[in-house]
1. Using label points projected 7 Å from each Cα along Cα→Cβ, tell me how many nm separate F18 and Q103, to one decimal.
2. Compute the acute angle (0 to 90°) between the alpha-carbon long axis of helix 101-134 and the principal axis of greatest extent of the alpha-carbon atoms of the chain; round to the nearest 10°.
3. 222 nm [θ] for the chain, helices only, -39500 (n - 2.57) per DSSP H run of 4+, per residue, to 500?
4. What do you get for the angle between helix 56-97 and the principal long axis of the chain? Use alpha-carbon atoms, 0 to 90 degrees, nearest ten.
5. Are there trypsin sites (Lys or Arg not before Pro) in region 60-140 that DSSP puts in a loop and that have at most 12 other Cβ atoms within 10 Å, and which ones?
6. Tell me the label-point distance for the pair N43, L88, using the 7 Å Cα-to-Cβ offset, in nm and rounded to one decimal.
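Computed from the coordinates by the stated procedures, all read-outs in this text should not be read as laboratory data. Predicted, not measured: the structure shown is a model, and the values here were computed from it. Reconstructed Cβ throughout: ideal geometry from the backbone, glycine too, with neighbour counts over all protein chains shown.
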Amino acid sequence: MTTELPEYYFRMRDNGAFVFRVDTENRQRRIEMDQIAVVNIRNGEIKPHGQRELSDRDLQEIHDWMAARTDLLARRDIDDIHRAVDYLNTTTHWVQSRASDDQLEDVTDRLLLAMHDLRSVLVRKKADRLLKAASGPKGG
């Protein structure tokens, strides 16, 4: 564990964070966190807190955090989808080997509708990609 704290702290919230500057260089050696901005990663907005002016360093740290956070969330999204594929396989095995008639009655319609919806969207998106690739740049 490091004894040195980071200069900035990002308190996560939906679609972004509250940004604080961390200060331990005070007379009491207490940790003080001064809010400097609110960040929205969905629309890229950075709002200074109060009448504060953000320095170039503040903005650079915020932009670096936004890029890292966006990358992390994208990796989590695709990981969730890979887990969903695994879960579908586990569900298939459960239906095939262990599910009772009452359990199947409870979930069959919802599963069929969800899978139909997913299949419809996947087929449409696949067709769109194939058409786009077929009409892409010619020659080469």
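1. It works out to 4.5 nm between the two label points.
2. The answer is roughly 80 degrees.
3. Dividing the helical sum by the residues of the chain leaves -20000 deg cm²/dmol.
4. Around 20 degrees separate the two axes.
5. Here the trypsin sites (Lys or Arg not before Pro) that fit, given the DSSP loop and packing criteria, are R98, K138.
6. If labels sit at N43 and L88, their model points lie 3.5 nm apart.
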